[in-house]
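Please read the structure below before turning to the comments.
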Amino acid sequence: MSAAAWVAVGALLVAVGWLGLALVGAVREIGALRDQVDALEAGGAGAPTAHLEGGPAVGAPAPAWTISTPGGGTASSSAFEGRRHLLVFADATCRACDDLVPAVIAAAGRGTVPPVAVIGRGDAGSTPAHWRAADVRVRIGSERGDEVSEAFGVDVSPFVFLVDEGGSVVARGGAATLDDVLRLVRDGEGVRIVAAGRA
């Protein structure tokens with residue numbers, strides 16, 4: 001074999017070796033990302049739930065809340081008293097929220113999910129028009145500061161709480177899609193909280 005051929009074979013081996021190392025690195029990175037996705041889906045370490053150490057746990061009473069509505073009024077937890085409902089914490093600047101909120105509103109309108117309150121950040125005038133709904137089962141608004149988010153311990157969005165007829169949290173979790181919300185509703189379906197003193 002000529003010297004030029006040996007140089008070409010050597011260069012080819014170096015290129016193949018470099019590509020092999022790059023592939024191994026990419027596979028490791030994909031594995032790490034997959035682990036993060038699995039943790040989020042399972043609600044394990046690193047999932048949004050981990051950020052909610054101060055928020056109400058399943059079985060705890062949901063804090064009372066009041067939000068400003070885009071029309072200049074207010075909506076509050078008293079509108080859902082005695083009814084199972086969802087609280088969806090969302091931020092208009094969050095792409096997942098912007099996709100999720102209209103889907104949840106439509107699902108509530110169809111009766112696929114319980115009535116919904118969407119609690120956004122910022123002033124009520126900044127609530128996107130496609131988040132608004134005329135359906136009486138849906139309340140849309142924004143908290144004036146972070147008082148509602150702080151009461152619920154929410155520091156990530158979108159995040160959803162399912163509250164039962166008695167005002168107790170029966171399920172909670174991060175939800176990036178309507179399927180995530182439906183799973184959370186299914187998880188909370190069989191949960192019944194009996195407060196002390198109630199039979």
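The numbers here are math on the coordinates, done by the rules we state, and not lab data. Keep in mind the model is a prediction, meaning the values are calculated, not measured. Positions of Cβ are backbone-derived with ideal geometry, glycine not excepted, and every protein chain shown enters the neighbour counts.
Given R₀ = 22 Å, FRET efficiency for D179-R110 by Cβ-Cβ distance, to 0.05?
Calculated transfer efficiency: 0.90.
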- Which cross-chain or sequence-distant (5 or more) residues have an amide H under 5 Å from the amide H of I119, H modelled 1.01 Å from N in plane? V88, F89, A90
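For V27 and E81, compute 0.36 nm times the residue count separating them, minus their Cα-Cα distance, and round to one decimal in nm.
The V27-E81 span can extend by a further 14.4 nm.
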- Return the sequence-ordered ³J(HN,Hα) values of the range 77-82 in whole Hz as given by the Karplus equation 6.51 cos²θ - 1.76 cosθ + 1.60 applied to θ = phi - 60°, using x for Gly and Pro. 4, 5, 5, 10, 4, x
- Residue by residue through the range 92-108, the couplings from Karplus 6.51 cos²θ - 1.76 cosθ + 1.60 with θ = phi - 60°, in Hz, x for Gly and Pro, are 4, 8, 8, 4, 4, 5, 5, 7, 6, 4, x, 5, 5, 4, 5, 5, 5
- Item | Under-5 Å amide H pairs with V138, H placed in peptide plane, nonlocal only | V116
